[in-house]
Each structure stands twice: as structure tokens, then as C-alpha cells.
Amino acid sequence: MAQGLELRVKETAGIRRFHYPVTARIDLAEPPAKLEELELSIDGKPVEAQWTLAGTGGGGRSVIVDFEASLLPFASRTYTVSRRKAPAVLASPPRGLRLEESPESFRVTSGADLEWTLPRATSRLIDGFRVRDREFLRPGGGGISLRLKDGTTRTFPAPRASRVLKRGPVACAVELEGEEDLGGAGRCRSLVEIETPRAKSWARIRWRIEDAHGAVEAMSFALDLRLKGDKVLVDFGATSFVYATLARGQAARLEAPASTREPWRVLRGEAGKALEPYVTGRASGTPGAVEGWAHVWDAAQATAVAVADFGRASQDSIAVHESSRLEVTRTFTARSGPARPAGAGAKELLLWLHFVDAPPHVGAVTSPQAMLAPLEASGGDR
């Protein structure tokens, strides 16, 4: 790596990015004695980056690099990964995220202005999020659960193990491992990765399970928002924007149903009862044409949720209840052809949560689409 490795970052969604988080895997023939020896630069100028060991492969070592890039729509930039000629000298400690551990939780902070609380003793995944003096979540609600083919629901117990993947300052990440007894269908292993970047007030949640006997029909993640007032505003991202206002006791749901003749629909009505059709999308002939995101807000704060691969190979939904409950569900039944039971093996739900002030500013308005189309990083091979 004497001459350095090239790492090309490309914007592919037609969205201008400001200090957008980038994560790339770099394969090295000769691992450095210390990660501090590695340097990321562009046009000969160093770029602040965070390096994390990723394991072995191909006779060498791999590292993960986290940094931030600003690109115009469809633009690309080429970075260089090299060894430092001299040790880095910092005038002051790097600013950004800091991760602290306790037996009960992981705490991720950015100075006094931002704080995530990620519990390690429950399956709620996120216990709190604060920006300055504003709390976005209600404590004690939500979590991850499974629906089995027999119709029963299992809420995951507290993780049996947890560990830190990234400690900042550019990105923090933790991993939670759990297991649920499914009775005659054996045990279901669960692995959750939660990552928070410095540049954006969002969390990326990747939840994977091993369903050896195909007993799991659906995976669900729920969160209780701290919303105020008599009404909640919802903006769903389907193939077009769908707005809805929820009064006390009402709920709305964006879903990709079983039939591709109805690629998406929004239902609305009284919470706890069968919701009625509100808006229905026209058949496009293209499975997975639904963007799959939602904004939920009151007069002071907004939450965006975006779900990867919404409706592409499964029946997915985003539900919002006026009581402040936000729920994402992935049902593992094909959207075309005759209905068939969920298959055995690995299953995954990947989503992002973004918390901002209301009304959302320009950067936040486009964040669901941007989160669903991260910047692409290629190269970095030895």
C-alpha cells in the first residue's frame, strides 16, 4: 500500500448530500501495527476518518472506515487510503460521538446537545433520544417481537449478550444478541446492530434472526414517540406522498399487501378496529415500487422512519397510532402468486429512525430517500 488504495464514493439517487455518513470496508495485504497509521485523504488533503478492525480474509486483514462526504446529485469523488509518513498530531481531541457503558445501557452522546440511550437489559432497542432539552421518546414502550405461523406473538426477552462495535467519534455502533424459545420449532437466534453517525440524528437498525424451522411469519419493531397536542400529522412515502391527520383514537397504516395488483395502500380509521381504505396505489407491474417511509410530527418535533426493500419480497407495513405508537412489521409471505408459508432460514429487517425539529427543515425533508439510498463506496482492495 505504498502508493495508497483508491476508494470511490458515488451519489446514485439524485440527492445533494451534506456531510453524509459513509462506511466502507478496506482489505489490506499487510495490516498496520496500529490503526492510527492509516490515513484517508482526497486531493492530498487528510480527511477525518474512524478506523475499526473488521476481521481476516484472503490472507490479510480488513478494516472499516467511517467518514463524511458532501456530493452533488450523481457526482462522485475518489479518496486515497494510505499509511501515514508520521504520527498524527491532534491540536485538540476529535469532536463527535462518545460511547459510555453501564450494566443497564449504552449511552451515546455528542457534547451536551445530543444523547441516545440504548438499553442492554431489555429488548426495546432504544430507550431514549434527546436533543438539548427535548425528549423524543416515551420511556418503557416498544421493542421487537415475532409473530409465528400459529398466530401467537413472542416478545423477545432481554439480550443475553451485547458488545460495542464502534466507539466514535465519527460513528458508534452496538450489537445485541438474544434468543427466544419457539417451543416445538426450536430456538430462534436474534442479532441486532444499532449504529448512530455523528453527522445525522438518526439510528440505523439491522435486525436479523435465524428461523431454522420456518416458524416465524413476521418480525415487528415498535417505538413510542413523545407527541403532544390533539392531532398527529403523518406523511407516508409510497409512489407519491400521502398525508393524513390523526385525531384522538385514530390510526393509519401504509402497507404493501399480498397482491401486486394493489402495490400499496394507506388505511385509516379508529385504532383497535379494522382500518378502512384511505388511498390506494395503481398497479405498476413493478414489485417493490413503494418507497416505504413515513414522517410523523406534532407542532414541535418530527420522526422519520424508512424501511429498506419495502414490499419487494415480503408484505411490509408502517403503522402510526395517535397514541404515539410507531410500528414497522415485515411479514414473510410473497407478494405475488398464491400465498405460501414463510420459509426457513435467515430473515432480516433493516430500518432507519431520524429525529428532527418540526417543521422538518430542508435536509430532513429528503432524509428518508437519502437513508434508503446511502452513498456507494467501491474500491479499497489491496
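Bear in mind these aren't lab numbers, they're just calculated from the coordinates by the rules spelled out. Keep in mind that what you see is a predicted model, and the values were worked out from it rather than measured. Here the Cβ positions follow ideal geometry from the backbone for every residue, glycine too, while neighbour counts run over all protein chains shown.
Quick notes on this one:
- Computed FRET value (nearest 0.05) for E348 with K10, which takes r as the C-beta separation and R₀ as 35 Å: 0.90
- Taking every C-alpha pair closer than 8 Å and separated by at least 6 residues, the mean separation divided by the residue count of the chain gives a relative contact order of 16 percent.
- Whether the chain is rounded, prolate or oblate, judged on the alpha carbon gyration tensor where a/c under 1.5 counts as rounded: prolate
- Amide H within-cut-off set for A358, under 5 Å, with H built and near neighbours excluded: Q301, A302
- Contact order relative to length of region 141-365, as percent, for alpha carbon pairs under 8 angstrom and 6 or more apart: 21
- Cross-link partners for K45 among the lysines, with Cα-Cα distance under 30 Å and sequence neighbours closer than 8 places in the same chain left out: K10, K34, K85, K166, K200.
- Close amide-amide hydrogen proximity is noted between L137 and F129, R226, each under 5 Å apart and 5 or more residues distant or on a separate chain (H modeled in the peptide plane; Pro and chain starts excluded).
- Rounded to whole numbers, the Karplus 3J(HN,Hα) couplings from phi for region 182-194 are 9, x, x, 8, x, 10, 10, 8, 10, 9, 10, 10, 10 Hz, using 6.51 cos²θ - 1.76 cosθ + 1.60 with θ = phi - 60°, and x at Gly and Pro.
- Cα gyration tensor shape of region 198-251, rounded if a/c is under 1.5, else prolate or oblate by comparing a/b with b/c: prolate
- Extension reserve of the L165-L53 stretch, reckoned as 0.36 nm per residue once the Cα distance is removed: 39.4 nm
- Between Y243 and T333, the contour length at 0.36 nm per residue exceeds the Cα-Cα span by 29.6 nm.
- Phi to ³J(HN,Hα) by Karplus 6.51 cos²θ - 1.76 cosθ + 1.60 over region 19-30, Hz, x for Gly, Pro: 6, 7, x, 10, 10, 9, 9, 10, 9, 10, 6, 10
- Percent of Cα pairs exceeding the 27 Å cut-off, where the set is region 89-244: 35
- Amide hydrogen neighbours beyond the local backbone of Q250, cut-off 5 Å, H modeled: A271, E322
- Region 70-78 - phi-based ³J(HN,Hα) in whole Hz, Karplus 6.51/-1.76/1.60, Gly and Pro as x: 10, 9, 6, x, 6, 8, 9, 9, 10
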